[in-house]
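First comes the structure, then the notes that go with it.
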Amino acid sequence: MTKPYSVIPQVAIKNNIDVLYFACLIPLHVYFTEDGQMDKRIFLSTWKEIPTQNEVQYNLSNMTHNSGTTNKEILNKTNGSM
């Protein structure tokens, strides 16, 4: 049985003595901008700064998806975008 996902970030800090585990209560507004959009250049530069060892990849099968344009339209409509 797998555990359900948590919306509370769990953190582990390892030092030369022990490993400390704790959960962070972070206000939801920290994760979002008011208009729901991020500048594309900032997003790409931030994405490229993620170290390779922090990346995790999964192969998903039997998935259906919309085009990128359709997804953007849905997000813009949901966010009441420009």
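One table, with the values for the structure above:
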{"item": "Cβ-Cβ FRET estimate between THR78 and GLN10, R0 fixed at 25 Å, reported to 0.05", "result": "0.30"}
{"item": "Once the Cα gyration tensor of the chain is diagonalised, semi-axes √(5λ) in Å", "result": "30, 19, 17"}
{"item": "Nearest-20 debye value, the chain charge dipole, Cβ charges on Lys, Arg, Asp, Glu", "result": "140"}
{"item": "With at most 11 other Cβ atoms within 10 Å, longest stretch of the chain clear of loop chymotrypsin sites (Phe, Trp or Tyr not before Pro) (DSSP)", "result": "6-31"}
{"item": "Cα centroid of the stretch 8-25 to Cα centroid of the stretch 36-82, whole Å", "result": "28"}
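Values in this text are rule-based calculations from the coordinates and carry no lab data. If you're wondering where the values come from, they're calculated on a predicted model, not measured in any experiment. Please note: Cβ atoms are built from the backbone with ideal geometry, for glycine as well, and neighbour counts cover all protein chains shown.
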